[in-house]
Amino acid sequence: MASTGMQIFGFVLALLGIMGAMVATLLPNWKVSADVGSNIITAISQMQGLWMDCTWYSTGMFSCTLKYSVLSLPAYLQTARTTMVLCCVMAAMGLCLASLGLKCTRWGGGRRSKRHAAIASGGCFFAAGFLCLVPASWFTNEVITNFLDSNVPESNKFEPGGAVYVAFVSAGFLFVGGSIFCMSCSGKRHGPQDMVLLPPPDKLLFQQQQQQLLQQELQHQYCSLSPLDNKTGYSLQDYV
C-alpha cells in the first residue's frame with residue numbers, strides 16, 4: 001500500500017489538477033489570433049474561449065462578448081464545454097473520496113474502507129484527466145487544421161492559447177494523482193483489518209494449557225487445606 005507521504009503528494013497533485021481544470025474552463029484564451037502576414041501590424045488581438053470571445057485593442061481597452069447560443073457553436077466547442085465541466089465534477093468527487101482514503105486521517109472507517117475509498121478516488125482522477133485531455137487535444141487539432149488551411153484568410157487564423165496548455169498540464173496532474181491513489185490497492189496488507197484477529201494456533205494452545213495448569217494448581221491448594229482452615233465461622237459443638 002502506498003505510504004502516507006505518497007498519498008499526500010498525490011492529493012496535492014490532484015488538487016492542482018482540479019484548480020488548473022477550473023481555470024482553463026473559465027479562461028477566454030483557448031485560441032488567440034496568430035501574428036502572421038498583415039496581422040503583425042494590426043491594432044487588435046482576438047481571443048476565443050469556451051464561454052466568451054474577447055478583443056484587446058492597442059489603446060488598452062478590453063471587451064468580451066458571451067456566447068449565448070449553444071446550438072450555433074461547432075461540435076468541438078460544445079464537446080469541450082461538456083467535458084471540461086464533467087472533468088471538474090469528477091475531480092471534485094475524487095478529492096472527497098481521497099480525503100476519506102488518506103491514511104493520515106481519522107475519518108473514513110477502517111483500513112479496508114480507506115483502501116476502497118483510495119481506489120475509487122484514483123478512478124475518479126483518471127476519468128477527470130481523460131475528460132480534460134480530450135477537449136484540449138480536439139481543440140488543438142481544430143486550431144492547427146484551420147491554421148494550415150490555405151483557404152482560410154490570414155485575418156481568421158488562430159493558434160492555441162494559454163488555456164489549452166493549462167488543460168494539458170492539469171490532465172497530467174490528475175493522471176499522476178490518480179495513479180498514486182490506485183497504487184493503494186497493490187502490495188501486502190499490513191496491520192489490523194476490519195475483523196477480529198485471532199492468535200496463531202500454537203500460541204492459542206499454549207494459553208489453553210497454561211489456564212488448565214493454573215486451574216489444577218488452585219484445586220490442589222484448596223483440597224490440601226485442613227478442615228479447620230475451611231471453617232469460616234464458629235460452631236456450638238466446639239464448646240460442648
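Read-outs throughout are calculated quantities, based only on the coordinates presented, and are distinct from any laboratory measurement. In this text the structure is predicted, and so the values were computed from the model without any measurement. Neighbour counts run over all protein chains shown; Cβ positions are idealised from the backbone, glycine included.
In region 39-142, which trypsin sites (Lys or Arg not before Pro) are in a loop and have at most 10 other Cβ atoms within 10 Å, using DSSP for the loop call?
106
When the distances between all Cα atoms of region 61-112 are binned every 5 Å from zero, what whole-number percent does each bin get?
That works out to 4, 15, 14, 12, 11, 10, 9, 7, 7, 8, 2, 0, in percent per bin.
Across region 87-98, in residue order, what do the Karplus-derived ³J(HN,Hα) couplings come to in whole Hz, using 6.51 cos²θ - 1.76 cosθ + 1.60 with θ = phi - 60° and x for Gly and Pro?
4, 5, 5, 5, 5, 5, 5, x, 5, 5, 5, 5
When ranked by the protection proxy of mean other Cβ atoms within 10 Å per residue, highest first, what sequence do the peptides 124-130, 21-27 form?
Details: 124-130: 24.1, 21-27: 21.1.
Going by the mean number of other Cβ atoms within 10 Å, highest first, we get 124-130, 21-27.
Below 8 Å, C-alpha to C-alpha, sequence gap of six or more: please give me the relative contact order for region 4-184 in percent.
Values: 311 pairs, mean separation 63.2, N = 181.
Reported as a whole number, the value is 35 percent.
Check residue 52: other-chain or 5+ apart residues with amide H under 5 Å from its amide H, H built from backbone geometry?
The list, which skips near neighbours in sequence, is 67.
Please tell me the relative contact order of region 39-137 in percent, rounded to the nearest whole number, where contacts are Cα pairs under 8 Å and at least six residues apart.
23
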